[in-house]
1. Hey, got the dipole for the chain? About the Cα centre, +1 on K and R Cβ, -1 on D and E Cβ, debye to the nearest 20?
2. Going toward the positive end of the dipole of the chain, with +1 on Lys and Arg Cβ and -1 on Asp and Glu Cβ, which of Q67, G12, G253 do you reach last?
3. Answer with one residue from A178, F163, T196: the one whose Cα lies farthest towards the positive end of the charge dipole of segment 156-220, charges on Cβ with Lys, Arg +1 and Asp, Glu -1.
4. Roughly how many Å² is the accessible area per residue of the chain, as a whole number, for a 1.4 Å probe?
5. Calculate the dipole size of segment 1-92 relative to its Cα centre from +1 charges on Lys and Arg beta carbons and -1 charges on Asp and Glu beta carbons; express the result in debye to the nearest 20.
6. Over the Cα atoms, compute the radius of gyration (one decimal) and Dmax (the largest Cα-Cα distance, rounded to a whole number) for segment 215-302, in Å.
7. Round to a whole number: what % of the accessible area of the chain belongs to carbon and sulfur, probe 1.4 Å?
8. Counting Lys and Arg as +1 and Asp and Glu as -1, each charge on the Cβ, what is the dipole of segment 108-212 about the Cα centre in debye, to the nearest 20?
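The values are calculated or read from the model by the stated rules, or taken from the named source; none is laboratory data. Given the structure is predicted, the values throughout are model-derived calculations rather than measurements. Note that we place each Cβ from the backbone using ideal geometry, even for glycine, and neighbour counts take in every protein chain shown. For the accessible areas, the whole protein counts, side chains as well, though only heavy atoms, and no ligand, DNA or RNA atoms are used. Shrake-Rupley method; radii C 1.70, N 1.55, O 1.52, S 1.80 Å.
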Amino acid sequence: MDNGYVNARIKGMYSRLLDKKALSNLILKPDISSLITALEETPYREDLERALVGKPGLYGIEEALRQNLIRTIKKISEFLQGEKSERYILIFSSRWDVHNLKTILRGKRIKVPTMQIRENLVPSGEFDESLLSELLKQSDIKSVIDLLATWEVAYATPLIQAFPEYNAHGDLFILENALDHYYYEQALSLVNGKSTEERKIREIIGTEIDLINIKSLLMMFRDHVDLQDAEPMLLDGGKIFDRKILQLLLELGSAESLVEYMDETPYRFLSDLRTTEEDTLKISAYQHLLDEYLIRQAVRLYRGDPFSVTVVIGYLWAKYTEVMNLRIIARCKNALISPEDMEAEMVYV
């Protein structure tokens, strides 16, 4: 299919995203009921009508947002089915496979009811609703991994390799980190060419890896993780930080020193929140800034070459951000959090 046609469709979809003014108006709604009424005047109306039949209030909103995102990703995948650029979209949709597997593993770890786990799944990658349902039927983490191996799903390999260490220490981060290592290795392998499109997508993936590593370092310093245990948890493939620099960052030993080091990198914006490693509230603020930076860099792809598939990827990031913003509004509204505090959690693109 002609990229020009696809991108024209994407531009139409982009024009229907909610702008900052619309989101700010939603923040000011006094309660969940009025928020639902306002959302019924947006492109989410049909999803809301269906979801609210079986789920009231907050749960209905979250289900509508989930289904809307699933439909959006599916529609775009259909646009590009069979095209060379389909593999670039696979990078975005596959991140939901990782999200879904982590969500299921976390749920099994702490014995969360199946329905509650299901509500947080987004079947937009390799796993459709039926496959996710089978995984949810498994009794524990080992059974989930065994089923993935039986299906010969690629994600089974890193989980099988990491399982003995997880079994010895009981730290779920070991399995989650194994999934991250696998996902980013595969993502980078799909964009190892010399075209402008692949270079731009590779830069975004590399930036995301850098930011994940910064977040990991901040938490490791806060929790006083031993250097020997921390080093394998960091991801390769970053845009700025190679393995040698990551080792240097680990040896800094504190969040304060890490943030100071960032002054000489594109991530110097972290210096706006200088603090000590013991201040967990500020660690959270650092994480928000890092997420905001990644989203804005990714959405910038939409404004690039109008005939490039990067327009599609930029749109997908913008759509994902809108859904996350609406989830924040709904959850905060349900918890009676003030509009001022709600506003601080938003990311506007």
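1. Computed about the Cα centre, the dipole is about 1120 debye.
2. Value computed over the given set: G12.
3. T196
4. The answer is 48 Å² per residue.
5. For segment 1-92, the charge dipole is close to 240 debye.
6. Taking only Cα atoms of segment 215-302, I get Rg and Dmax of 13.0, 41 Å.
7. Roughly 51 percent of what the probe reaches on the chain is carbon or sulfur.
8. 140 debye
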